[in-house]
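Quick notes on the structure that follows.
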Amino acid sequence: QVQLLESGGGLVQAGGSLRLSCAASERTFSSYAMGWFRQAPEKEREFVAGITRSGDSTYYADSVKGRFTLSRDNSKNTVYLQMNSLKPEDTAVYYCAARSTGYSSNWYAYHYWGQGTQVTVSS
């Protein structure tokens with residue numbers, strides 16, 4: 001059982017930056033592909049970014065490409081989502097997720113989830 005704990009959310013003005021972290025309890029963290037998803041009120045959960053187990057490949061939703069950067073440090077069992085040039089439409093609860101097989105952009109393919117962290121971008 002993998003436990004995930006997100007941190008780093010908050011309130012920021014449009015154009016600002018935040019860095020989200022997701023710490024995993026699992027010592028075999030490197031065997032999990034990781035993803036970030038977000039859900040705004042009354043909207044479907046959507047893919048934001050994903051990273052392979054080794055960290056050599058990353059994937060982004062078109063809406064965040066060029067603004068967000070996903071990375072992982074397997075020695076610290078942590079993934080990081082650097083979010084720059086934030087927009088009001090980025091406002092949502094952001095969830096970290098782990099998958100014991102390869103990368104996927106589908107939220108239902110992930111086995112383990114964090115509790116979420118709120119990101120609010122004011123205009």
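The values are calculated or read from the model by the stated rules, or taken from the named source; none is laboratory data. Please read all numbers here as calculations on a predicted model, not as lab measurements. Accessible surface is based on the protein model in full, side chains and every heavy atom, while ligands, DNA and RNA are left aside. Shrake-Rupley method; radii C 1.70, N 1.55, O 1.52, S 1.80 Å.
Run a plain Debye calculation on region 61-120 (Cα atoms as equal point scatterers, no solvent) and give log10 I(q)/I(0) at q = 0.15 Å⁻¹, rounded to two decimals, same order as the q list.
Once normalised to I(0) and log-transformed, intensities are -0.54.
Could you please state how large a percent of the accessible area of the chain is carbon and sulfur, counting protein chains only and using a 1.4 Å probe? The partial results should precede the final answer.
Numbers: 2790 of 6280 Å².
The value for the chain is 44 percent carbon and sulfur by accessible area.
Output the Kirkwood hydrodynamic radius of the chain, Cα pairs only, in Å rounded to one decimal.
Taking every pair of different Cα atoms in the chain, averaging 1/r and inverting gives 14.1 Å.
Suppose the chain between Gln115 and Thr69 were pulled fully straight at 0.36 nm per residue; how much longer would it get relative to their current alpha carbon spacing?
Extra length from Gln115 to Thr69 when fully extended: 14.5 nm.
Take region 1-54, compute every pairwise Cα distance, and split them into 5 Å bins from 0; I just need the percent in each bin.
4, 14, 20, 26, 20, 9, 6, 1
Tell me, what is the per residue accessible area of the chain in Å², probe radius 1.4 Å?
On the way: 6280 Å² over 123 residues.
Heavy-atom accessible area per residue stands at 51 Å².
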